[in-house]
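These notes are about the structure you will find just below.
The values are calculated or read from the model by the stated rules, or taken from the named source; none is laboratory data. Keep in mind that this is a model prediction, so the values were computed, not measured. Using ideal geometry, Cβ is built from the backbone for each residue, glycine included, and neighbour counts are taken over all protein chains shown.
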C-alpha cells in the first residue's frame with residue numbers, strides 16, 4: 001500500500017493556508033456591487049431568484065434561507081421589510097419534470113419564465129461559470145428584463161460575461177471556490193442585517 005505523503009493535519013494546514021491566501025485576493029469592489037444589486041431589489045420589493053448545481057445548489061438554498069430569515073435576526077422578528085427570495089433549486093418535482101420532458105438545461109429557465117417580472121434579480125452560482133443550465137437561465141433572465149448577479153470561480157466563464165454584476169473567486173479549485181461562495185453569502189447576510197438594523 002502506498003504511503004500517504006501527508007498526515008491529515010498537514011493536509012488541513014495546507015488547505016487552510018491556501019484558503020487564507022485566496023481570501024486576501026478576493027475582489028471586494030465586486031462584493032460591493034453584489035450587495036448594491038441585492039439592496040436595490042429589496043428596496044423596490046422585487047423578487048430574488050437563486051440557482052446553482054450540486055454544491056452550488058446547496059449554496060443557493062442556504063443563501064435563500066439567510067436572505068429570507070437571517071436578515072431578520074436570529075428570532076426572525078425584525079420589523080423591517082423582508083426580502084422576497086426563491087431558490088429555484090428547491091422544487092424537485094418541477095425540476096425533474098422539465099428535465100425528463102424536455103432537457104436538463106431547462107430546469108431553471110422555464111420556472112423562471114413562470115415567475116419573473118422585469119426588475120427582479122437572479123443570483124446565478126456556478127464554480128466554472130459555464131454550467132449549461134445556468135447559462136440558459138441567465139439568457140432567459142436577460143430576455144425577461146431580470147437583472148443578473150453571477151457568482152463564479154475559475155476565470156468566471158460565460159456567466160461572468162453575461163451577468164450585470166459578477167463576483168469571481170480567483171481559484172481553479174472547486175472546494176475552495178465553494179467555500180468562498182458560502183463566505184460571500186454570510187458576509188452579504190450579516191452586512192444587510194447590520195445596515196437594516198442601523199436604519
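Being farther than 22 Å from residue 185 by Cβ and surrounded by fewer than 21 Cβ atoms within 10 Å (Cβ to Cβ): is that true of residue 105 here? Yes; evaluated as a whole, the condition is true for this residue.
Each row is one residue, and each column tells you yes or no for (1) under 21 Å from residue 90 (Cα atoms); (2) in contact with a strand residue (DSSP E or B) (Cβ under 7 Å, 6 or more places away or on another chain); (3) in contact (Cβ under 8 Å) with a residue 12 or more places away in the chain; (4) part of a helix (DSSP H, G or I).
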position	(1), (2), (3), (4)
110	yes, no, yes, yes
129	yes, yes, yes, no
158	no, no, yes, yes
161	no, no, no, yes
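If you go through region 131-147 and pick out every residue that is assigned to a loop (DSSP other than H, G, I, E, B), over 26 Å from residue 169 (Cα atoms) and touching a helix residue (DSSP H, G or I) at 6+ places or on another chain (Cβ under 9 Å), you end up with 0.
The residue that is nearest to residue 59 (Cα to Cα), counting only those in region 153-164 that are touching a helix residue (DSSP H, G or I) at 6+ places or on another chain (Cβ under 8 Å) and crowded, with 21+ Cβ neighbours inside 10 Å, is 153.
Look at residue 194 and say whether it is within 24 Å of residue 28 (Cβ to Cβ), more than 17 Å from the chain's Cα centre (by Cα) and either surrounded by fewer than 24 Cβ atoms within 10 Å (Cβ to Cβ) or at pLDDT 95 or above (or both).
yes
Counting only residues that are within 15 Å of residue 179 (Cα to Cα) and either assigned to a helix (DSSP H, G or I) or without any contact (Cβ under 8 Å) to a residue 40 or more places away in the chain (or both), region 15-40 holds 10 of them.
The selection criterion, being surrounded by fewer than 16 Cβ atoms within 10 Å (Cβ to Cβ) and touching a residue at least 60 places away in the same chain (Cβ under 8 Å), does not hold for residue 67.
For region 170-183, a tally of residues being under 16 Å from residue 35 (Cα atoms) and in contact with a helix residue (DSSP H, G or I) (Cβ under 7 Å, 6 or more places away or on another chain) returns 3. Screening 88, 115 for residues that are crowded, with 20+ Cβ neighbours inside 10 Å, over 26 Å from residue 27 (Cα atoms) and either touching a strand residue (DSSP E or B) at 6+ places or on another chain (Cβ under 9 Å) or without any contact (Cβ under 8 Å) to a residue 40 or more places away in the chain (or both) leaves exactly one candidate, 88.
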